[in-house]
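**Student:** Below is one structure. I have some questions about it.
The values are calculated or read from the model by the stated rules, or taken from the named source; none is laboratory data. These numbers come from a predicted model, not from an experiment. Glycine gets a Cβ as well: all are built from the backbone with ideal geometry, and neighbour counts include every protein chain shown.
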Amino acid sequence: MATYTGLSALWFSLIGLLWAGYFFLEGFDFGVGMVSPLVSRDDTDRRLCMNAVGPVWDGNEVWLLVAGGATFAAFPLWYGLLFQGAYLALFLVLLALIARGVSFEFRGKFDDPRWRRVWDVANFAGSLVAALIWGVAFTNFVHGLPLSAAGYTGGLIGLLNPLALVGGLAALAVFAFHGAVFLSLKTSGELMQRAQRVARMAGGAAVILLAATVVAVAAGGRPWQTLAGALPGTVPLVLGVLAVAALATAALLVIRGRDGLAFAGTGAAILLTMGAIFGAMWPAVIPASNGASLALTVGAAASHPYTLEVMTVVAAIFTPLVLLYQGWTYWVFRRRLQRPAAVAAPAPGAGGG
Amino acid sequence: MALDLARWQFAIVTVFHFFFVPMTIGLAFLVAVMQTLALVRKDETWDRLSRFFGRIFLISLAVGVVTGIVLEFEFGLNWSAFSIFVGNIFGAPLAIEGLLAFFLESTFIGLWIFGRERLSPRLHLATIWLVSIGTILSAFFILAANAWMQHPVGYTVEGGQAVLTNFWAVLANSTLWASFLHTVLAALATGGALVLGISVWRVRAAPDDPERAAFRRATAFAAALVLVTVVLTAIAGDFQARLLDVQQPMKMAAAEALYNTQNGASFSLLTIGNLSGQPVFQIRVPHLLSLIADMSWNGQVVGINQMQAAEAAKYGAGNYAPVLWLTYWSFRAMVGAGILMIAVSAWGVWLWWRKQLGAGRWFRRAALAGIVLPIIANASGWIFTEAGRQPWIVYGLMQTAKGVSTVGAGDVALTTAAFVVVYTTLAVLAVVLVLRAARHPFDEIGVPPDDTDTTPATGLVY
């Protein structure tokens, strides 16, 4: 079978964009969850952090579901082999997403410090675990997995190799930085100042860890590079270096108090990193670290052209609409949150009320 | 072992998810209707009612959303071979569900929760309607995928994969439209039964309390809605039964544990003993099964033994009958719960007609207990639908045993146990929070003191 066709190349790119959009958007949700304990002095601060992403986190998470669904439809083998292979890792992500998903709605339901504590921890731990495992997973993908005919069978332990753990920590730091900058833009007063301080610290760590990951992955080489259509190694490397540069710029901008521009920088760094990852993987969907012929390619995994045509038409019609209304949401909720004058406890059962 | 565990896991995560899905679909619609009445009639009572039930709706939605995330990946986790076989077809509606329904639902729910003070009342009303439309679209597309597993259309099998040849055929599948109507109507009834049970319970307030009048209004509204939607659900279900008779005759026979082909087959209401043809005691309604399956008094209903022989001749040796006690009793649980719902809601409508709503203690108890009826009916209906298709995962094309992932039994056991623990915790929390929300003082809803923290100045809601 040909390595790829035009339509399968399009869907590979679209899935890459969906993941990039997901990490751009939920990246700051995770980041806010992770830095909340660092920037908060009291319950009201923690509440402000959660409300900073309150109106948008659910819509952001749907990018993941659509990436999953699009992979299922456009590349059934990719969907089937990857998820059974990365079984426990994906399971842990799902548990993390459940814990943080309900924390938003549940936290304010009881006026009890221990109850809120539980959901603050759930939000923090859920964000942290999900971010870490996504980082580990994508570092493994871009480095290549040891594959057999049955796909990846190395289990969770096999995924937690030193290189991937560095990648996981890089994801943690980048999202924490991205989230801290987002929080600086969404809050005011002392909370904003503390968010800016955390952003400055996270920025340095994120730059170092992302740079280390880029260097280590690039040094690993790509056995699947010999596949027809593979991009020369310089393309993903340049994208990776640009991502580090964007992140470093953001770190400098944060120091100079230019939070808006810094957010553009952290966002660009995430998008460029995903571009580097998908560029490096192409034309494999599951790259093999142990030989080019073992990689699962775009062409082998792709659905029949008719399915891809149907999906392309549907996506062409509805994606602009989705982007429009999701963008509008951010416009509606563009204002900074204010700390309530009277530090009253949140009304029990608030939400939709 | 891994296969059995994977089946248990899928059953647990889907049935649990589906406790909340119909509730969410139903409540989104009901809250949207209440909020519309509030705006159109400039009516403060409807406004408060929409906020009151809106809180309960959000609890259900939250649990439904997080358990839904699991399902998007469950096929790849535990049913990898199935995913690879059907992805060309099954994946498309799943992806479209995400793009058309999940985005709509999740984005506008954020706008609805946080936008009350930020959007004009009309725009805010539009957001809850878009959420409701999103939930219904979601049902349509996921049922399109499921209907294809029940009755595959618009495909060929090529190189070990089912390949889509006609997308319109998948969307026009008769199985899809029948089950879409049945499922969405049942979902409206589910939301209605919750509103009914809680409202009747709140009508106990002192006669001069405005709360009493408000919840009496909600009770009448919900009773009428449940009555209409359950009757329509039954009609749609009857239509489904006739499709089953043609498309999956084994499932129809298994619903009744009908061993041998009969003309003018009777329907057993209750069987004590075993289902193998020598029951100790049973109550039968003559000709009813023929009527259900074939719409004729003496219509032929094919028996399990005949279907077994026919399928063995067609697909090769093997057991093609589902687990009969499960199909038999799940079907009866569904129908029985539906009939009880008609009784409770008809009682409510009659009391309303007699202007005695809220007076009787017995109706109050029945309506409160009635909250669980649709939950039982929804779960048992799906258990019947899915268990009745066995041994097939895709009817006639792939057997369930062939669809499973290569994951080891230990991993599946571990994740299944973890899901049971997490989901049980979620269920307990959801029930506690709904009970709390159902007790919320009505006069505190929607008045400024309640909303000091949610003014535009702070932007706080959660």
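**Student:** Please go through the stretch A:72-86 and pick out each residue that is assigned to a helix (DSSP H, G or I) and in contact (Cβ under 8 Å) with a residue 40 or more places away in the chain.
**Tutor:** Across the stretch A:72-86, the qualifying residues are A:Ala73, A:Ala74, A:Pro76, A:Leu77, A:Trp78, A:Leu81, A:Leu82, A:Gln84, A:Gly85.
**Student:** Further question: Among the numbered criteria (1) closer than 15 Å to A:Ile133 by Cα; (2) crowded, with 24+ Cβ neighbours inside 10 Å; (3) among the aliphatic types (A, V, I, L, M), which one does A:Leu88 miss?
**Tutor:** Tallying (1) closer than 15 Å to A:Ile133 by Cα; (2) crowded, with 24+ Cβ neighbours inside 10 Å; (3) among the aliphatic types (A, V, I, L, M), A:Leu88 fails exactly one: (2).
**Student:** Taking A:Phe30 as the residue in question, decide whether it is surrounded by 24 or more Cβ atoms within 10 Å (Cβ to Cβ), on the phi < 0 side of the Ramachandran plot and facing chain B (nearest Cβ under 10 Å).
**Tutor:** no
**Student:** While we're on this one: Quick one: what pairs do we get from the stretch A:217-244, first residue within 23 Å of A:Val174 (Cβ to Cβ) and touching a residue at least 40 places away in the same chain (Cβ under 8 Å), second small (Gly, Ala, Ser) and outside any helix (DSSP H, G or I), C-beta under 7 Å, 6+ apart or different chains?
**Tutor:** Filtered contacts from the stretch A:217-244: A:Arg222/A:Gly144; A:Arg222/A:Gly233.
**Student:** Oh, and also: Of all residues in the stretch B:26-47, which are buried (at least 24 other Cβ atoms within 10 Å of the Cβ) and either outside any helix (DSSP H, G or I) or at pLDDT below 95 (or both)?
**Tutor:** The answer is none; no residue qualifies.
**Student:** Residue by residue through the stretch A:42-54, note down the ones that are at the interface with another protein chain (Cβ under 9 Å from one of its Cβ atoms) and not in a helix (DSSP H, G or I).
**Tutor:** Correct list: A:Gly54 only.
**Student:** A follow-up question, please. If B:Asp208 satisfies all but one of (1) in contact (Cβ under 8 Å) with a residue 12 or more places away in the chain; (2) surrounded by fewer than 24 Cβ atoms within 10 Å (Cβ to Cβ), what's the number of the condition it fails?
**Tutor:** All conditions pass for B:Asp208, except number (1).
**Student:** Any chance the stretch B:243-258 includes a residue that's crowded, with 23+ Cβ neighbours inside 10 Å, assigned to a loop (DSSP other than H, G, I, E, B) and at pLDDT below 90?
**Tutor:** yes
**Student:** Okay, moving on. Please verify whether B:Gly68 is assigned to a helix (DSSP H, G or I), within 17 Å of the chain's Cα centre (by Cα) and within 21 Å of B:Thr14 (Cα to Cα), treating the condition exactly as stated.
**Tutor:** Spelling it out, B:Gly68 is indeed assigned to a helix (DSSP H, G or I), within 17 Å of the chain's Cα centre (by Cα) and within 21 Å of B:Thr14 (Cα to Cα).
Let's see how each residue does on (1) more than 7 Å from chain B (Cβ to nearest Cβ); (2) surrounded by fewer than 24 Cβ atoms within 10 Å (Cβ to Cβ):
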{"site": "A:Ser40", "(1), (2)": "yes, yes"}
{"site": "A:Val56", "(1), (2)": "no, yes"}
{"site": "A:Ala70", "(1), (2)": "no, no"}
{"site": "A:Val102", "(1), (2)": "no, no"}
{"site": "A:Arg117", "(1), (2)": "yes, yes"}
{"site": "A:Ala125", "(1), (2)": "yes, yes"}
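**Student:** Taking the condition assigned to a helix (DSSP H, G or I), under 20 Å from the mean Cα position of the chain (by Cα), surrounded by fewer than 24 Cβ atoms within 10 Å (Cβ to Cβ) and touching a residue at least 40 places away in the same chain (Cβ under 8 Å), does B:Leu94 pass?
**Tutor:** For B:Leu94, the condition - assigned to a helix (DSSP H, G or I), under 20 Å from the mean Cα position of the chain (by Cα), surrounded by fewer than 24 Cβ atoms within 10 Å (Cβ to Cβ) and touching a residue at least 40 places away in the same chain (Cβ under 8 Å) - is not met.
**Student:** Within the stretch B:36-71, which residues are basic (Lys, Arg) and within 7 Å of chain A (Cβ to nearest Cβ)?
**Tutor:** B:Arg51, B:Arg55
**Student:** In this structure, does B:Gly87 turn out to be surrounded by 24 or more Cβ atoms within 10 Å (Cβ to Cβ), within 24 Å of B:Ala218 (Cβ to Cβ), at the interface with chain A (Cβ under 7 Å from one of its Cβ atoms) and in contact (Cβ under 8 Å) with a residue 12 or more places away in the chain?
**Tutor:** no
**Student:** Among the residues in the stretch B:335-357, are any without any contact (Cβ under 8 Å) to a residue 60 or more places away in the chain, surrounded by fewer than 19 Cβ atoms within 10 Å (Cβ to Cβ) and touching a strand residue (DSSP E or B) at 6+ places or on another chain (Cβ under 8 Å)?
**Tutor:** No, because not a single residue in the stretch B:335-357 is without any contact (Cβ under 8 Å) to a residue 60 or more places away in the chain, surrounded by fewer than 19 Cβ atoms within 10 Å (Cβ to Cβ) and touching a strand residue (DSSP E or B) at 6+ places or on another chain (Cβ under 8 Å).
**Student:** In the stretch B:90-109, which residues are within 7 Å of chain A (Cβ to nearest Cβ), out of contact with any Ser or Thr (no Cβ under 8 Å at 6 or more places or on another chain) and farther than 22 Å from A:Val332 by Cβ?
**Tutor:** B:Leu94, B:Ala95, B:Ile96, B:Gly98
**Student:** List the number of the failed condition for A:Thr187; all other conditions in (1) in contact with a Lys or Arg (Cβ under 7 Å, 6 or more places away or on another chain); (2) of a type outside the set (A, V, I, L, M, F, W, C); (3) surrounded by fewer than 21 Cβ atoms within 10 Å (Cβ to Cβ) hold.
**Tutor:** Looking at each condition in turn, A:Thr187 falls short on (3).
**Student:** Restricted to the stretch B:364-391, and to residues that are buried (at least 22 other Cβ atoms within 10 Å of the Cβ) and among the hydrophobic types (A, V, I, L, M, F, W, C), which residue is farthest from B:Ala241 (Cα to Cα)?
**Tutor:** The selected residue is B:Ala367.
**Student:** Still on this structure: Which one of these is farther than 15 Å from B:Leu194 by Cα, surrounded by 16 or more Cβ atoms within 10 Å (Cβ to Cβ), of a type in the set (Ser, Thr, Tyr) and within 14 Å of another protein chain (Cβ to nearest Cβ): B:Thr400, B:Thr416?
**Tutor:** From the options B:Thr400, B:Thr416, the qualifying one is B:Thr416.
**Student:** So, in the stretch B:288-333, exactly how many residues are closer than 20 Å to B:Tyr395 by Cβ, assigned to a loop (DSSP other than H, G, I, E, B) and of a type in the set (A, V, I, L, M, F, W, C)?
**Tutor:** Going through the stretch B:288-333 one residue at a time, the tally reaches 4.
**Student:** Identify all residues within the stretch A:147-176 that are outside any helix (DSSP H, G or I) and within 24 Å of A:Ala243 (Cβ to Cβ); write none if there are none.
**Tutor:** Result: A:Leu160, A:Asn161.
**Student:** Give the residue, chosen from B:Trp129, B:Trp112, that is aromatic (Phe, Trp, Tyr) and either more than 8 Å from every other protein chain (Cβ to nearest Cβ) or closer than 21 Å to A:Ala70 by Cβ (or both).
**Tutor:** B:Trp129
**Student:** Here's another thing I want to ask about it. Within the stretch B:72-80, does at least one residue satisfy the condition of being facing chain A (nearest Cβ under 7 Å), in a helix (DSSP H, G or I), touching a Pro at 6+ places or on another chain (Cβ under 8 Å) and surrounded by 24 or more Cβ atoms within 10 Å (Cβ to Cβ)?
**Tutor:** The answer is no; no qualifying residue exists.
**Student:** Now, a different point. Please determine, by comparing only the residues of the stretch A:310-324 that are at the interface with another protein chain (Cβ under 9 Å from one of its Cβ atoms) and touching a residue at least 60 places away in the same chain (Cβ under 8 Å), which one is surrounded by the fewest Cβ atoms within 10 Å (Cβ to Cβ).
**Tutor:** A:Ala315
**Student:** Quick one: which residue in A:Ala300, A:Ala344 is modelled with pLDDT under 95 and assigned to a helix (DSSP H, G or I)?
**Tutor:** So the residue among A:Ala300, A:Ala344 that is modelled with pLDDT under 95 and assigned to a helix (DSSP H, G or I) is A:Ala300.
**Student:** Residue by residue through the stretch B:289-342, note down the ones that are of a type in the set (Lys, Arg) and under 30 Å from B:Phe363 (Cα atoms).
**Tutor:** Result: B:Arg332, single match.
**Student:** Within the stretch A:109-121, can one find any residue that is in contact (Cβ under 8 Å) with a residue 12 or more places away in the chain, of a type in the set (A, V, I, L, M) and in a helix (DSSP H, G or I)?
**Tutor:** No, there is no match, as no residue in the stretch A:109-121 is in contact (Cβ under 8 Å) with a residue 12 or more places away in the chain, of a type in the set (A, V, I, L, M) and in a helix (DSSP H, G or I).
**Student:** I would also like to ask the following. Go through the stretch A:206-239 and report how many residues are part of a helix (DSSP H, G or I) and either hydrophobic (A, V, I, L, M, F, W, C) or farther than 25 Å from A:Thr266 by Cβ (or both).
**Tutor:** 22
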